[in-house]
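Below: one structure, written as structure tokens.
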Amino acid sequence: MYKKTLSGLLLGLTVMASTCFAQVVDKVETYKGNELKIPQVEGIERKAARRINSCLDKVVAGDAKNFIDKCGKNGNTARLYTTVVRDDDRYLSLRVASVRDFKGAAHPTTYVFGLVFDKKTGRQLPLSHFVKVPAPDQLESYVRSNVFQLCSLRNDAPVELGDNYHITYISKEYTLDKDDNLDLIYQHYELACYAAGTLRLRLDKGYVDRNGSVLPKG
């Protein structure tokens, strides 16, 4: 009876551990007078957490610190804001806005990172892990014919791809949402005027089902 109870308890703990959610916290670091809130992951297997946090330190915090090193002497500052897009038993997807404030400028500039991690290994996953992506010109054709949706990341409002704008590359910044949609992130000015903000180009679940083999179908 004791052995059965102990086995059941261990099995329950194993299931809980395998489906635990990550806790994303801000590691506040003051760097040359700038208070940076660097996202860090807790609550998952230590080796995976270290690997994810190392990537966040290098890619996200490194970008902000590089800006401060180059431009901070003139009174320019940097800030970081993190949004958790997906967190389940397998994947962690984050969107991190690196905001650069130029002294005397009318508005800041923002670069948005999109990151997807395998929570079991801590590995950052490229877009090609999930889906075969069309060439840039084909992607542009899909957007212009409304097969794919181009929207403002700020308020989800649809954005038209103007005649003077073209998709010349596949963004490496992307997120994976809870419904298995893949959102490619394009920065200010790349596909629309500044007022449109940062944009997301959605490869919807239907497309992912037809052109990928990793995520469950349907």
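The values are calculated or read from the model by the stated rules, or taken from the named source; none is laboratory data. Everything quoted here is computed from the prediction, not taken from an experiment. Quick reminder, even Gly has a Cβ in these numbers, built from the backbone with ideal geometry, and neighbours come from all protein chains shown. Side chains are part of the model used for accessible areas, which takes the heavy atoms of the whole protein and leaves out ligands, DNA and RNA. Shrake-Rupley method; radii C 1.70, N 1.55, O 1.52, S 1.80 Å.
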Exercise. Under a point spin-label approximation (7 Å from Cα along Cα-to-Cβ), what is the ASN211-GLN138 distance to one decimal in nm?
Worked result: 0.6 nm
Exercise. Once amide H atoms are placed 1.01 Å from N in the peptide plane, what residues at a sequence separation of 5 or more from THR198, or on another chain, have their amide H within under 5 Å of its amide H?
Worked result: LEU153, ARG154
For this session: About the Cα centre of the chain, how large is the charge dipole given +1 on each Lys and Arg Cβ and -1 on each Asp and Glu Cβ? Please answer in debye to the nearest 20.
Result: 880 debye
Exercise. So how do 74-86, 22-34 stack up, highest first, on mean other-Cβ count within 10 Å?
Worked result: 74-86, 22-34
Exercise. All other residues with a Cβ under 12 Å from the Cβ of GLU35 taken together, and with Lys, Arg as +1 and Asp, Glu as -1, what is their net charge?
Worked result: +2
Exercise. Where only protein heavy atoms count, and the probe is 1.4 Å, what is the accessible area per residue for the stretch 54-202 in Å²?
Worked result: 48 Å²
Problem set entry | Gained length - TYR31 relative to TYR81, 0.36 nm times residue gap less alpha-carbon distance | 16.4 nm
For this session: Compute the length gained on full extension between GLU45 and ASP177: take 0.36 nm times their separation in residues and subtract their Cα-Cα distance, giving the result in nm to one decimal.
Result: 45.3 nm
Seminar exercise, completed: Label model pair HIS129, HIS107: point-to-point distance (7 angstrom along the Cα→beta-carbon line) in nm is 3.3 nm
Problem set entry | Accessible-area composition of the chain, carbon plus sulfur, in percent [1.4 Å probe] | 54 percent
Exercise. Between GLN187 and ASN146, what is the label-to-label distance in nm when each label sits 7 Å out along the Cα-to-Cβ direction?
Worked result: 3.2 nm
Exercise. How much FRET efficiency would the formula 1/(1 + (r/R0)^6) give for SER54 and THR168, where r is the Cβ-Cβ distance and R0 is 30 Å, rounded to 0.05?
Worked result: 0.45
For this session: Find the relative contact order for the stretch 81-156 and round it to a whole percent, using C-alpha pairs within less than 8 Å whose residues are 6+ positions apart.
Result: 19 percent
Exercise. What relative contact order, as a whole-number percentage, does the chain give when Cα pairs under 8 Å and 6 or more residues apart are counted?
Worked result: 14 percent
Problem set entry | Candidate residues CYS151, CYS55: accessible-area rank, largest first, probe 1.4 Å | CYS55, CYS151
Exercise. In deg cm²/dmol and to the nearest 500, what is the mean residue ellipticity at 222 nm of the chain if only DSSP H runs of at least 4 residues count, each as -39500 (n - 2.57), divided by the residue total?
Worked result: -7500 deg cm²/dmol
Seminar exercise, completed: What the Cα atoms of the chain span along the principal axes, largest first and in whole Å, is 73, 48, 25
Problem set entry | Among ASP183, ASP163, ASP137: highest mean-square fluctuation, GNM of the chain, C-alpha pairs under 10 Å | ASP163
For this session: Once you've got the GNM for the chain with C-alpha springs shorter than 10 Å, pick whichever of LEU184, LEU125, LEU199 has the biggest mean-square fluctuation.
Result: LEU125
